[in-house]
Amino acid sequence: MSSAATAHATHEEKLSFWRKYIFSVDHKVIGKQYLFLGMFMALVGGLLAYLMRWELAWPESPVPGTGWIPEPTMFQGVVPPEFYNAIVTMHGTIMVFFVAMPILLGAFGNFLIPLMVGAPDMAFPRLNMMSFWTIFTASVVMIASFFVPGGAASAGWTGYPPLSANPVYTGVNWGITLWILGLALEFASFLMGGINFLTTTVSMRARGLKMMRLPLMVWMQITAAVIFMLSVGPLIAGAVLLLLDRTAGTSFYTVAQGGDPLLWQHLFWFFGHPEVYVILLPGLGAVLEVLPVFSRKPIFGYKAIVYSTIVAGVLSFIVWAHHMFVSGMNFKLVMPFSITTILISVPFTIILLAMMATLWKGAIRFTTPMLFAVGTLAMFIIGGLTGIFLGSATADIYLHDTYFVVAHFHYTLISAVFLGGFTAMYFWFPKMFGRMMNETWGKVHFWLTLVFFNLVFMPLFKAGLGGEMRRLYDPFQYDFLKPHQPLHKFATIAAILLFASQIPFLINFFWSLFKGKIADRNPWQANTLEWTAPSPPPHGNFEIAPSVYHGPYVYSAPNMNMKEDWQPQDQPLAS
Amino acid sequence: MSSIAVTENYYEKTMPIGKMGIWWFLASEIMVFGGLIGSYILYRLASAGAWAEMAHHVSTAIGAINTLVLLTSSLTMVLAHAAIEDENRRRAKLYLGLTVLGGLLFLGFKAIEYTTEISNGFTPLSGTFWAFYYTMTGLHGLHVLGGMIANFALFVMASRGTLWPNTHQRVEYCGLYWHFVDVVWIFLFPLLYLSY
Ligand code: HEM
Ligand SMILES: [Cu+2]
């Protein structure tokens, strides 16, 4: 029974510092590496957001604290227009590809999947190590692009040609080439990661762990991996064409020579829309794990959630052109894409209703992870509802590329990435680091974050409805937008306070890392397999290979005749 | 591949991890070529006349020969796999070698083809068709090269006798990849060489 575990015990030889912490093949160490990379890049992305927000509130006035940045990047602390384009682009790129994916998939996917399926490690540990060092290289390339002549990419995170294909339009040359290269490396990294996620889940489940007994977080992670791996290919092809246009002088995207820039938009959004779900699903997965634990109830409609997730994944491949309603694409496509877009709200509604039904009449404990989980749920509903407006072409033709869109996608992305990410962080911190985080600081962090997040982005819906276009350097050059300036000042002050609200988190995180209360195996009394391993789990994860007897959400079952109201997956049900 | 001891009754019964990994990898590779082929077809449909004129100058003969070469090497790959199943080291070595040779032949013909096209004045910059032609065959050629390197590594292992007893299933995995490269060519050949 424990042969795999014994094999591991003998494997536990002394590793050098390098093999243990830097070039480790242990999925848990790799997960933490991803976590720290993502947190660092969040700092970079956040600083860029600060520059943007300042420029939007007080255009062409010096940004406090940036006077030291030399020309031509900044001009005596003022953001020049070209650099504004670059920071918009790099903020979006970094947040989506170098914060959201490393934290939600890289960190939590890597850390949790083997533990949750009862495996000693990922299927291909060395590939796993390579995937981290590939994205590390990609991050270095991305950051380096700020320092090349002409500056960083500035064609928007969507990189539309001809802006991205020809330096004539933006003055940026190497920056965009490095941007394509950095993204290519990032994609390669997550392709390797995806192979590991899928193979581990499909082929290395503990005995008795049928697919329909997997924790929902695992379902979300592998659906995300499938979506990513099947959608990124066409964009890689498109990026090859773009790179050739830039370096070899071909004209795939140049109309004058027989090309078509719309091709890029199709290839980009065929990936770009599913990509949103790639980072959304793991965020929702964290919420789905936390809700039953802190309401001491089984998740409502496990199977419905699994099937809805799969349906949403499939649908995500046939909605991409809702980003292109005003692009000049064939108008006959507008109706089908509107319909499929609105259809996709059905599976998500099912998932959200299942979440709420899980809370219904539960014995709710508002711990920090639970607060973040409920907050994620609430904010995601706002994001989802406003998405329905944008999905119907009639409304989108007016709202496209306005601040309404900016507010909408931040409501979905920040709820999934930041709030969902924090849910996961507070919940699994004891398992990752063997110590508890401080609850009081956690709650302070939650309330400040929630309040200021809404204060930043709620006003932007109004700015968008007032017709304000996004990506404008100085919106108030237009008379009709002058009345919006107070809105932007308000949002900017709130954004600065939102950034400041992360200080309690950082203090709590690093303090708990070294000084937090020692966590026992299962501090939250949860059922999934990772909680049966020691905190933090040793190399090889489990002392004895676990066997699974039932699904992951057995709480407060009526026939339980024992003191506890829970039943871990590796113990048979009491009858 | 991994340091994990995989014992029979530890896991739920499913596909071996190596095979599973290869299949997922191929699925994503299919999407890369799918995107490229899809774009090509859309452009082709959008521009009838000029494109056909350009497409007229490809060397259908070399394309056809290369199709044969690649199909043959797929056959030798299958035979190599069969030899592995029979634990026949000599034959495995022979067929792996022949497969590598097939790839080499393919790339050789490709090189001749490229040089004649370019000397006739058809470069990647001579129009959208040519841009696609070089991109698609070029990317495919890189895949052939990758497969050849993998097969060559297996050939070396077979010669040294290190392919047994634990790693012989790699022949099957490389075979899957090699057939994939072949199948892609089966799509590229009519699209690029027979479309005028
Ligand atoms: C935490 C505070 C954040 C603030 C204050 C912020 C602020 C902004 C601002 C001002 C823009 C420019 C809008 C425009 O002019 O089009 C923007 C764009 C964007 N943001 Fe954020 N953002 C934050 C977090 C995030 C996160 C967490 C994500 C994603 C995971 C994200 C993704 C994006 C994307 C994709 C764009 C579009 C970039 C483009 O137009 O190329 N942001 N953000
Ligand atoms: Cu979309």
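Projecting the Cα atoms of A:GLY175, A:TRP54, A:ASN522 onto the dipole axis of chain A, where Lys and Arg carry +1 and Asp and Glu carry -1 at the beta carbon, places A:ASN522 farthest toward the positive end. Taking the C-alpha atoms only, the angle from helix A:81-93 to the longest principal axis of chain A is near 20 degrees. The aspartates and glutamates within cross-link reach of A:LYS20, meaning a Cα-to-Cα straight distance under 14 Å and a gap of 8 or more places when in the same chain, are A:GLU12. Between the helical axis of A:302-315 and the longest alpha-carbon principal axis of chain A there is an angle of about 30 degrees. For segment A:361-457, a simple Cβ point-charge model (Lys and Arg +1, Asp and Glu -1, everything else neutral) yields a dipole of about 540 debye relative to the Cα centre.
Taken about its Cα centre, the protein assembly as shown carries a charge dipole of about 1580 debye when Lys and Arg each add +1 at the Cβ and Asp and Glu each add -1 at the Cβ.
Close amide H pairs (under 5 Å, H built 1.01 Å from N) link A:TRP566 with A:SER556, residues at least 5 positions away or on another chain. The distance linking segment B:24-67 with segment A:173-250 is 24 Å (Cα centroid to Cα centroid, whole angstrom).
Using C-alpha pairs below 8 Å separated by at least 6 residues, the relative contact order for chain A is 17 percent. Exceedance of the 21 Å cut-off in Cα-Cα distance is limited, within the set A:LYS297/A:LYS443; A:LYS210/B:LYS13; A:LYS14/A:LYS515; A:LYS462/A:LYS482; A:LYS443/A:LYS563, to A:LYS297/A:LYS443; A:LYS14/A:LYS515; A:LYS443/A:LYS563.
For B:PHE155, neighbours were defined as the other residues whose beta-carbon sits under 12 Å from its Cβ, and their charges (Lys and Arg +1, Asp and Glu -1) total +4. The aspartates and glutamates whose alpha-carbon is closer than 19 Å to the alpha-carbon of B:LYS110, local same-chain residues fewer than 8 away aside, are B:ASP182. On a 0 to 90 degree scale, rounded to 10, what angle separates helix A:334-343 from the longest Cα axis of chain A? Once rounded, one gets 30 degrees. Estimated from helical segments only, the mean residue ellipticity of the protein assembly as shown at 222 nm is -21500 deg cm²/dmol, where each DSSP H run of four or more residues counts as -39500 (n - 2.57).
Proximity of backbone amide H atoms, modeled 1.01 Å from N, is registered between A:VAL78 and A:VAL63 at under 5 Å, excluding neighbours fewer than 5 places apart on the same chain. In whole angstrom, segment A:264-356 maps to an equivalent ellipsoid with semi-axes of 31, 13, 9, each derived as √(5λ) from the alpha carbon gyration tensor and ordered largest first. In order along segment A:430-447, the Karplus-derived 3J(HN,Hα) couplings, from 6.51 cos²θ - 1.76 cosθ + 1.60 at θ = phi - 60°, round to x, 6, 6, 10, x, 9, 8, 8, 6, 5, 5, 4, x, 5, 4, 4, 4, 5 Hz, and Gly and Pro are given as x.
Which lysines does B:LYS93 reach when only Cα atoms under 25 Å apart count, and residues fewer than 8 places away in its own chain are ignored? By straight Cα distance, B:LYS93 reaches B:LYS19. Centre-to-centre, using Cα atoms only, segment A:303-337 and segment A:497-520 are separated by 40 Å.
None of the figures in this text is laboratory data; all of them are computed from the coordinates on show. Just so we're clear, the structure is a prediction, and the values are computed from it rather than from any experiment. As a convention, Cβ positions derive from the backbone with ideal geometry for all residues, glycine included, and neighbour counts pool all protein chains shown.
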